[in-house]
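Asks: Sending over a structure as structure tokens; questions will come in a sec.
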Amino acid sequence: MSASKRVFEMTLEIITFLAMFAALYAIFLYAPVEQTMGIVQKIFYIHLPAAFLAFLGFFITFIASILYLYKRDLKWDAAAFCSAEIGVIFCTIVLITGPIWAKPIWNVWWTWDPRLTTTLILWFVYIAYLMLRGVVKEHQRANFSAVFGIIGFVNVPITFLAIRLWRSIHPVLITSRGINISTPMKHTLALTFLAFCLLFFCLLKSRIRLEKMRMDTGMLSALVEEKFYSK
């Protein structure tokens, strides 16, 4: 890795750390406590950005899968795989924070609401995607994964639109008028979005680099084995 790249990565990591620290400060000390829901409402600042980044991760998988099928370049397969992994992490955060937020408000940990149900299905779809990569033979893995990554993305817009397509108790947070929250809450949400986006791209960049190293090691190992057995 060149010195300029390393400096860029270190700078990005430092900015991400500072942004996350600032976001935590804003969530717990700057943003006011919501009058109706109380302190539990602060989960909103983690729940909403995590949902957005889960969708973003799966969208990148969708685009990278299309590019792999078009160009047949394994770097796009690696990008699709790594983005799906990170998308699953953020989707898991959504599924954990949602019930914690819901229990004091709905008086249940879980209800088969359309938004909750489609989010759980979305999580299972991409868990299946990751499992598929572990069982399919290597020469078929990229093709099967790309097709699965494209088809699986169909559930993302369904999940996003679930509260508008079906009757739901899940609150509609974003409308055509924007988000109906106070100015400090908007500032906190914007800062949290920024911090989480920086974290997402740091994770994605590191994970892709690790996957490329794994691929290079595998190719080197195959060459060594080929030379060894050819003697």
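Asks: Tell me which DSSP H helices of the chain clear both cut-offs, 27 Å or more of axial length from alpha-carbon atoms and a mean Kyte-Doolittle hydropathy of at least 1.6.
Replies: 44-71
Asks: A further question follows. For segment 69-129, what is the convex hull volume of the alpha-carbon atoms per residue, in Å³?
Replies: So the per-residue hull volume is 80 Å³.
Asks: Check each of the GluC sites (Glu not before Pro) in segment 1-35 and keep only those in coil by DSSP with at most 12 other C-beta atoms within 10 angstrom; list them in order.
Replies: In loop regions of segment 1-35 (DSSP not H, G, I, E or B), there are no sparsely surrounded GluC sites (Glu not before Pro).
Asks: Continuing with the same structure: Rounded to the nearest 500 deg cm²/dmol, what is the calculated helix-only ellipticity per residue at 222 nm for the chain, with -39500 (n - 2.57) per DSSP H run of length n ≥ 4?
Replies: -27500 deg cm²/dmol
Asks: List the chymotrypsin sites (Phe, Trp or Tyr not before Pro) in segment 110-158 that DSSP assigns to loop (not H, G, I, E or B) and whose Cβ has at most 11 other Cβ atoms within 10 Å. Which are they?
Replies: Listed in order of number, the matching sites are 112.
Asks: Using heavy-atom solvent-accessible surface (probe 1.4 Å) with all chains present, what is the largest-first order of 159, 11?
Replies: Per-residue accessible area, sorted high to low, gives 11, 159.
Asks: Please report, to one decimal in angstroms, the Kirkwood hydrodynamic radius of segment 36-80 built from all distinct Cα-Cα pairs. Walk me through the numbers on the way to the answer.
Replies: Values: mean 1/r = 0.0811 Å⁻¹.
Taking every pair of different Cα atoms in segment 36-80, averaging 1/r and inverting gives 12.3 Å.
Asks: Next up: For the chain, report the accessible area per residue in Å² (1.4 Å probe, heavy atoms, rounded to an integer).
Replies: Per-residue accessible area for the chain comes out at 60 Å².
Asks: Run through all the Cα pairs of segment 71-214 and give the fraction in each 10 Å bin from 0, expressed as whole percent.
Replies: Here the calculated profile for segment 71-214 is 10, 31, 34, 19, 6, 0.
Asks: While we're here: Given Cβ point charges of +1 (Lys, Arg) and -1 (Asp, Glu) and nothing else, what value in debye, to the nearest 20, does the dipole of the chain about its Cα centre take?
Replies: 220
Asks: Give me the percent of accessible area attributable to carbon and sulfur for segment 52-140, probe 1.4 angstrom.
Replies: About 71 percent, which is the carbon plus sulfur part of the accessible surface.
Asks: If you don't mind, another one. I need the shape label for segment 1-121. Rule: rounded when a/c is under 1.5, else prolate if a/b > b/c, else oblate, with a, b, c from the alpha carbon gyration tensor. Each step should come with its number before you reach the end.
Replies: Working: a/c = 4.10, a/b = 1.39, b/c = 2.95.
Oblate is the answer for segment 1-121, as a/c is 1.5 or above yet b/c matches or exceeds a/b.
Asks: Which residues' amide hydrogens lie under 5 Å from the amide hydrogen of residue 111, considering only partners 5 or more residues apart or on another chain, with H built in the peptide plane?
Replies: none
The values are calculated or read from the model by the stated rules, or taken from the named source; none is laboratory data. These numbers were taken from a predicted model, which means no experiment stands behind them. Note that each Cβ is placed from the backbone with ideal geometry, even for glycine, and that neighbours are counted across all protein chains shown. Only protein heavy atoms, including side chains, enter the accessible area calculation; ligands, DNA and RNA are left aside. Shrake-Rupley method; radii C 1.70, N 1.55, O 1.52, S 1.80 Å.
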